[in-house]
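The values are calculated or read from the model by the stated rules, or taken from the named source; none is laboratory data. Note that the coordinates shown come from a computational prediction; the quantities given were computed from them, not determined experimentally. Don't worry about glycine lacking a Cβ; one is built from the backbone with ideal geometry, like all the others, and counts go over all protein chains shown.
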Amino acid sequence: MVIWDLVFPKIGLRKLSERSRTKRIVDAARKYRLLAVQMGGVLIKVGQFLSARVDMLPVEVTDELSDLQDQVPAEDFDHVRKLAEDELGDSLESVFAAFEIEPLASASLGQVHRAVLNKPDILNSDGIEIKNVVVKVQRSNIDAIIDVDLAAFRIVSGWLQRYKPIRKRADLPALMKEFSSILGQEIDYLNEGQNAERFWEIYRERAGIKIPRVIWEKTTKRVLTLEDVYAIKITNYQEIKNAGVSLIDVSNRLFSCYMEQIFDEKFFHADPHPGNLFVIPADRSPDGGWQLAFVDFGMVGHVPDSAWEGLREGVIAVGTQDASRMIKAYQKLDFLLPGADLELIEQAEAKAFERFWGKSMAELRDIDHREFIEFGEEFRDLMYDMPFHIPQDLLLLGRAVAILSGMCTGLHPDFNVWENIRPYAEELVKSELTGNWENLWGQIEVIFGSLVSLPKRLDKMLTKVERGELKVRVPSVQRELASINRNLRSLTRLVLFLAVFIGGIQLLLAGYNLPAYTLLFISLIPLVLILSRK
């Protein structure tokens, strides 16, 4: 990879390097995924963590890593028994009326077993005594494994941070700190129990959403006991339909639930992959309606107050197709790197709204791929620079939204995110106009100020026209002009190199060694500039 990406472009083989780059990075991501599945532990978590970094990794890499399944061979049950009994202070037979040896689910940090309580005395949100539970038991020595793996990753990330293209796109030490923090929360089951309890309090009286109750008497830092809400996996589409549940309804409820979590509660389930979401059929629900169930609350996210305003702006911008407002949202969310070309980004947003807004995923898939290529070509400089990054406090939100989008589309190929966002945008606009008079007056002041300054701005523009100083920014034209300038510079340097080099050779053949070597040395300057493409 180093030779292809660092050496080849410097010796005039840039096109060869670029032609095979996609294949190389996909191969590298695939090898990492296979290694992670084989090794388990932190490698899987790192892959899942990086799969959300669409702001700093090519889409080919994130797509490959998104297929990384948190599934590893089950741990020997004797180890599970010993750890659980040490944590609970008694034998499994004394604590539970039944405990299944075969795990219900096995992951990199722990595994889940079904069990039955000896003394069911806790009520769930439906007012029914809880008997059936699931027990999540941490893997043996996982703390030591995590410490070793993280130490290795810190060393590697330190090396990579010295590479300028990576340093420009990502703050690897900050990413490692964030990842370590997330991992630390995931292996603290008391913390996960508190997260589950908070979600249970939010949804305990809301129909259609099922959150498991925490059995605190059977919970420690390394063992977590929850009400068993496992049902039909959300990606088992045919089984869901056989149970009489509409996939469209499931998709809409899932999306609405996340919108509520993000915008109303500012606290959301940050790991909505298929193994953590289930559909409980109506015949298993006390109120006679199907329910959407969540499990695994080790990874949750908080929407900071500083970001909420930016998210609100973004939803309104998408709902109203307002490109300029989208730029304001990016700025409030701190999504833009220093020096980002705001005018070009706004042009790209406006063009994207014009071409793709309102289309479902199925309709987007049917669009002629040449249209996407043309869009990419038109804004090639922007695509190349990628002046975006996701702040650390919004990393989990970006990951959750990316996974959620795929989940909703899988359930309903015609899922239209634009139409589903529109009601929230309308509500936010209403609250903006009716509930915040100070903000409304501020908008009026801005509009009035623009109207007052309009004659002056028009006069300034007309003056520039008269002087021939008016510049019209068209990305494709600018790009072609820049390309022409680069080619002219290269041609000039090539002519200069050949003239000086040939002159040096002629002097050398004539026996004038000192001036000959001087000219040959000078000829290296334009040659270096040609190879460096500066």
Practice task
Out of the residues in region 181-204 that are within 25 Å of the chain's Cα centre (by Cα) and among the acidic types (Asp, Glu), state the one that is surrounded by the fewest Cβ atoms within 10 Å (Cβ to Cβ).
Solution key: ASP188
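Residue by residue, here is whether (1) assigned to a strand (DSSP E or B); (2) touching a Ser or Thr at 6+ places or on another chain (Cβ under 7 Å); (3) buried (at least 16 other Cβ atoms within 10 Å of the Cβ); (4) among the hydrophobic types (A, V, I, L, M, F, W, C) holds:
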{"residue": "GLU85", "(1), (2), (3), (4)": "no, yes, yes, no"}
{"residue": "SER94", "(1), (2), (3), (4)": "no, no, no, no"}
{"residue": "ALA97", "(1), (2), (3), (4)": "yes, no, no, yes"}
{"residue": "PRO103", "(1), (2), (3), (4)": "no, no, yes, no"}
{"residue": "ARG114", "(1), (2), (3), (4)": "yes, no, yes, no"}
{"residue": "PRO120", "(1), (2), (3), (4)": "no, no, no, no"}
Exercise for the section: Kindly establish whether GLY339 is modelled with pLDDT under 80 and either loosely packed, with under 15 Cβ neighbours inside 10 Å or over 23 Å from ASP305 (Cα atoms) (or both). Expected result: yes
Practice task
Name the one entry in PHE353, PHE379 that is crowded, with 16+ Cβ neighbours inside 10 Å and modelled with pLDDT of 60 or more.
Solution key: PHE353
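With the structure loaded, tell me whether GLY275 is at positive phi and not assigned by TED's automatic domain parsing to the domain that holds ILE130 or whether it fails that test.
Judged against the criteria, GLY275 is not a match.
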Handout entry: Within region 62-105, considering residues that are within 19 Å of ILE142 (Cβ to Cβ) and small (Gly, Ala, Ser), the one modelled with the highest pLDDT
Key = ALA84
Exercise for the section: Report yes if some residue within region 201-217 is in contact (Cβ under 8 Å) with a residue 60 or more places away in the chain, among the aromatic types (Phe, Trp, Tyr) and in contact with a strand residue (DSSP E or B) (Cβ under 8 Å, 6 or more places away or on another chain); otherwise report no. Expected result: yes
Problem - Candidate set from region 263-280 (those that are over 15 Å from ILE209 (Cβ atoms) and in contact with a strand residue (DSSP E or B) (Cβ under 7 Å, 6 or more places away or on another chain)); member that is modelled with the highest pLDDT - result: LYS266
Completion exercise
Across region 295-322, the tally of residues that are under 19 Å from the mean Cα position of the chain (by Cα) and of a type in the set (Gly, Ala, Ser) stands at 5
Exercise for the section: Please tell me if ALA207 is surrounded by fewer than 14 Cβ atoms within 10 Å (Cβ to Cβ) and either in the same structural domain as MET299 (by TED's automatic domain parsing) or in a helix (DSSP H, G or I) (or both). Expected result: no
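Quick one: would you say GLY314 is assigned to a loop (DSSP other than H, G, I, E, B), in contact with a helix residue (DSSP H, G or I) (Cβ under 8 Å, 6 or more places away or on another chain) and either of a type in the set (Gly, Ala, Ser) or over 25 Å from ILE187 (Cβ atoms) (or both)?
no
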Problem - Odd one out for GLU239, checked against (1) part of a loop (DSSP other than H, G, I, E, B); (2) farther than 30 Å from GLU427 by Cβ - result: (1)
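Does ILE146 count as under 25 Å from HIS79 (Cβ atoms) and in a helix (DSSP H, G or I)?
Numbers: under 25 Å from HIS79 (Cβ atoms): yes; in a helix (DSSP H, G or I): yes.
For ILE146, the condition - under 25 Å from HIS79 (Cβ atoms) and in a helix (DSSP H, G or I) - is met.
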Handout entry: Only listed residue being outside any helix (DSSP H, G or I) and either closer than 30 Å to LYS351 by Cβ or not β-branched (Val, Ile, Thr) (or both), chosen from PHE297, PHE255
Key = PHE297
Problem - Lone qualifier among PHE297, PHE263 - being of a type in the set (Phe, Trp, Tyr), touching a residue at least 40 places away in the same chain (Cβ under 8 Å) and surrounded by fewer than 21 Cβ atoms within 10 Å (Cβ to Cβ) - result: PHE263
Practice task
Report, ordered by the first and then the second residue, all pairs with beta carbons closer than 6 Å, sequence separation of six or more or different chains, a first member in region 510-521 that is within 17 Å of ALA499 (Cβ to Cβ), and a second member that is at pLDDT below 75 and β-branched (Val, Ile, Thr).
Solution key: LEU519/VAL500
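Per-residue answers, yes or no, for (1) assigned by TED's automatic domain parsing to the domain that holds PRO103; (2) within 20 Å of the chain's Cα centre (by Cα); (3) surrounded by fewer than 20 Cβ atoms within 10 Å (Cβ to Cβ); (4) in contact (Cβ under 8 Å) with a residue 60 or more places away in the chain:
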site: THR219; (1), (2), (3), (4): yes, no, no, no
site: LEU224; (1), (2), (3), (4): yes, no, no, yes
site: ASP249; (1), (2), (3), (4): no, no, yes, no
site: ASN252; (1), (2), (3), (4): no, no, yes, yes
site: CYS257; (1), (2), (3), (4): no, yes, no, no
site: PHE267; (1), (2), (3), (4): no, yes, yes, yes
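Among the residues of region 135-160, write down those that are among the aromatic types (Phe, Trp, Tyr) and surrounded by fewer than 17 Cβ atoms within 10 Å (Cβ to Cβ). Can you show your working first?
Our first condition is that a residue be among the aromatic types (Phe, Trp, Tyr); within region 135-160, this holds for 153, 159.
Hit for region 135-160 is TRP159, nothing else.
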